[in-house]
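Engineer: Here's a structure for you.
Values quoted throughout were computed directly from the atomic coordinates according to the rules given, and no laboratory measurement underlies them. Small disclaimer: the values here were computed from a predicted structure and weren't measured. FYI the Cβ positions are ideal-geometry reconstructions off the backbone, even for glycines, and counts take in every protein chain you see.
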Amino acid sequence: MLSFSNNNCTLICKIQVSHCSHSWKQSSFTKLTNLNLLKPQIFRLVCAVGDLGQMQKVEDERPQIRWAEINLDEINDAQRNHISRLPKNMTNRCRALMKQLICFSPEKTNLSILLAAWVRSMKPVRADWLVVLKEMGNMNHPLRFEVAEFALLEESFEPNIRDYTKIIHGYAKQSRLQDAENTLQAMRNEGLECDQVILTSLIHMYSKSGKFNLAKDTFEKMKLLSLPLDNRAYGSMVMAYIRAGMLKEGEILLREMESQQVYAKSEVYKAMLRAYSMSGDSVGSQRIFDAIQIAGIIPDDKICTLLINAYVTSGQNREACVAFENMRRAGIRPNDKCVALMLDVYEKEKKLKEVLDFLMDLESDGIMIGKEASEKLARWFRELGVVEEVELVLRDYGSIEV
């Protein structure tokens, strides 16, 4: 496993203190004279300040940084191996930084100092930043967002709205709400407005994190701005309704999508069906099951099992049997959960003979019962006191403890 930290790494930067000037806009944070060395931290602070004020040029002391190559004899085998697998066409300046990032040790130096040293020594252009960020993304480097935040404050990076979008989307995928909102504020401070891609990512993030009101407000903002609503924006909002337990409202939104010939992904329909099924709402489950087919999604064993579960939970045993037979006729093999649900039906109605016929029918189609169904059978027969009579039959369907 690759380690991105190594206490044995040599110090990658040598520092000499001298007076120099750096251009920042005036804020209440300028008293902290060393903050301009910690760009990702300043990035977050500037986001937090928002419109409280403007920063002006100030003079301060900052270290003069000189680049020093890493000592390959002091890194571990995993790091050495990962360095050897860097792309062959990577430029020397990018390769030099990637080596340092692969072997980075927070105990030895500060990330911002390292990046500042690279900028001063290597004079990177936007293409270099993009190569580094792409490689860090490929290896899922834990510092990739911090490097991206630093880059946003560098003139050589020439940031645009898509750079902010990628960071916001990355934070959203990890449910890092505050970091995503800080980046969003920094983007606004640069005079850039949210577009469809960013707002869709925010809806998905708020929905996934259970922040229903924020998801709804962002969704409504997209509508007010007349931005296109695709299946991801709609789907994320439907999921927000499901997580909030507002199934009817979520279903209304599904209907709105369908009226515009925009269909949610199968995962959204399955989540809605599961929510109705677990609550024992067979009518709602049947509606969503029908909507799934209208959307062009072919029902599988899991979807059918959710529908059958809704009927069994609501005590509609006959409808459950009909749904099971329809599934069989459609050529869908029932999974173990589905078979276990049908055993529940037979047990409630005390149909011992019928359940044995049911098992024989499954066997004729090459369907063997699994763990959950086997355990239900064993418990049921134990309660009936007929374990010995059916033990041989049960052995035909798998190894069970009776």
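Engineer: In sequence order, what are the phi-derived ³J(HN,Hα) couplings for segment 138-147 according to the Karplus relation 6.51 cos²θ - 1.76 cosθ + 1.60 with θ = phi - 60°, rounded to whole Hz, with x for glycine and proline?
Structural biologist: For segment 138-147, the Karplus-derived couplings read 4, 8, 6, 5, x, 9, 4, 6, 5, 5 Hz, x marking Gly and Pro.
Engineer: Check the straight Cα-Cα distances from Lys99 and name the lysines below 20 Å, setting aside those fewer than 8 residues away within the same chain.
Structural biologist: Qualifying lysines at Cα under 20 Å: Lys14, Lys88, Lys108, Lys123, Lys134.
Engineer: Please list 3J(HN,Hα) in residue order for segment 343-358, calculated via the Karplus relation 6.51 cos²θ - 1.76 cosθ + 1.60 where θ = phi - 60°; whole Hz, with x for glycine and proline.
Structural biologist: Once rounded to whole Hz, the list reads 5, 4, 4, 5, 5, 4, 8, 6, 9, 5, 4, 5, 5, 5, 4, 4.
Engineer: Check the straight Cα-Cα distances from Lys221 and name the aspartates and glutamates below 19 Å, setting aside those fewer than 8 residues away within the same chain.
Structural biologist: Glu181, Glu193, Asp195, Asp230, Glu249, Glu256
Engineer: Search the structure for amide H atoms under 5 Å from the amide H of Ser105, placed 1.01 Å from N in the peptide plane, and list their residues when 5 or more places away or on another chain.
Structural biologist: The answer is Asn6.
Engineer: Determine which lysines satisfy two conditions relative to Lys371: a Cα distance under 29 Å, and not lying fewer than 8 residues away in the same chain.
Structural biologist: Cα-Cα hits under 29 Å: Lys270, Lys302, Lys337, Lys348, Lys350, Lys351, Lys353.
Engineer: How do Phe104, Phe358 rank when sorted from fewest to most other Cβ atoms within 10 Å of their own Cβ?
Structural biologist: Sorted ascending by nearby Cβ count, the order is Phe358, Phe104.
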